[in-house]
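What follows is a short report on a single structure.
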Amino acid sequence: MAISITKAGPSGLGAIVEGLDSEALATDDEELLRRLYAESPVLCLRGQALSPDAFMRLARVFGAIQVQLLREFRDAAHPEISYIENTQRDTRGDGKRIVFGEHWHTDDSYMAKPCSTTLLYADVIPPVGGDTLFANMYRAYEALPDAMKARLHAMRAVHAYQSRRNVNPVPTRTEDEERESPKVSHPLVRTHSVTGRQALYLNLNRIDSVEGLPLKDGDALIDELFAHSIQPTFVHAHKWRLHDVVVWDNRCTMHKASADYGDHRRRMMRILIEGSAPA
Ligand code: SIN
């Protein structure tokens, strides 16, 4: 089957590749995927029935795999892969259900070197709902008034695994995991290490405070930037089909999982790709 490509939608996100056999990628295919990914930081590869090994091979097209912080959700035989499933609970905390990524965020921003890229593979999908929404943070930055851009350039935010602004419960960490994820400081505007473009760098669930501002003023600024960034014009909704792989760039997007599918099962395999300290 020939490869067909549907270009990104109006948000600048969401290119779709069909007909790609990721078990037999030629060098040309790998280059095509990297080029498409640089143009559309949310890229869907349809119809990939992948074993864990094949998923890891595909992920390595985008860089070196980074093992996720939380041990409990890693695959026992392939720790490079973790699971996101709606049966997961905070087993070390209050035992309540955890919906990973239910609110707007960018992956791993509580780490000193957050992952650059995430790949999610749809292993089990609900009959309705469960979309993942993505916001284009290049476009959100570029649409800000010049005075706001100038103000933000010198500014940094503190990101924390368990932040005071946390809006959805996160799994309680082990002592080792706590040691590996202390609070960190990142710029509010980052320059993409490959494209050189600037993007807002926000995480609704993990930003704790804005450096140099009283909490009230920092909160107001973050709330204003969030409201600006999730305007419909910047947002793409990915409607999952079974065995889709979606690859997204955490350096210039935010995302959220829609938890609107009741008790239907939803299970994703997830791989992270190494990144560098935002600058
Ligand atoms: C994530 O936030 O990494 C997962 C998003 C999803 O489950 O749709």
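The values are calculated or read from the model by the stated rules, or taken from the named source; none is laboratory data. Note that the structure is a prediction, hence the values are computed from the model and not measured. Note that each Cβ is placed from the backbone with ideal geometry, even for glycine, and that neighbours are counted across all protein chains shown. We work out accessible area using only protein heavy atoms, side chains counted, and drop any ligands, DNA or RNA first. Shrake-Rupley method; radii C 1.70, N 1.55, O 1.52, S 1.80 Å.
With every protein chain present, what is the per residue accessible area of the stretch 4-273 (1.4 Å probe, Å²)?
About 42 Å² of surface per residue is accessible.
Of 63, 166, 86, which is farthest along the charge dipole of the stretch 4-273 in the positive direction, counting Lys and Arg as +1 and Asp and Glu as -1 at C-beta?
166
What percent do you get for the relative contact order of the stretch 125-279 when only Cα pairs under 8 Å and 6+ apart count?
44 percent
Leaving ligands, DNA and RNA out of it, report the carbon-plus-sulfur percent of the accessible area of the stretch 60-169 at a 1.4 Å probe.
53 percent
Expressed in nm to one decimal, what extension gain is obtained for the pair residue 168 and residue 76 from 0.36 nm per residue of sequence separation less their Cα-Cα distance?
Extra length available between residue 168 and residue 76 comes to 30.5 nm.
In debye to the nearest 20, how big a dipole does the stretch 1-78 give about its Cα centre with +1 on each Lys and Arg Cβ and -1 on each Asp and Glu Cβ?
280 debye
Could I have the simple spin-label model distance between residue 276 and residue 148, label points 7 Å from Cα toward Cβ, reported in nm to one decimal?
For residue 276 paired with residue 148, the spin-label model returns 2.9 nm.
Would you list the membrane-span-like helices of the chain, meaning whole DSSP H runs whose alpha-carbon atoms span at least 20 Å along their axis and whose mean Kyte-Doolittle value is at least -1.0?
Membrane-span-like by this criterion, though nothing is claimed about a membrane: 215-229.
Which listed residue (45, 12, 27) has the Cα farthest towards the positive end of the charge dipole for the stretch 1-67, taking +1 on Lys and Arg C-beta and -1 on Asp and Glu C-beta about the Cα centre?
Positive-end residue among those listed: 12.
What is the Cα centroid distance between the stretch 209-233 and the stretch 164-206, reported in whole angstrom?
So the separation of the two Cα centres works out to 15 Å.
Under 8 Å for C-alpha pairs, at least 6 residues apart: give me the relative contact order for the chain, rounded to a whole percent.
Rounded, it is 34 percent for the chain.
Compute, for the chain, the length of the dipole vector about the Cα centre, with Cβ point charges of +1 (Lys, Arg) and -1 (Asp, Glu) only. Units Debye, rounded to 20.
It comes to approximately 460 debye.
List the extent of the Cα atoms of the chain along each of their three principal axes, largest first, rounded to whole Å.
Reported extents, whole Å, longest axis first: 57, 44, 33.
What do the square roots of 5 times the Cα gyration tensor eigenvalues come to for the stretch 27-148, in whole Å, largest first, as semi-axes of the equivalent ellipsoid?
In descending order, the three semi-axes are 25, 22, 16 Å.
Report, by chain and number, residues whose modeled amide H sits under 5 Å from the one on residue 131, excluding near sequence neighbours (fewer than 5 apart, same chain).
258
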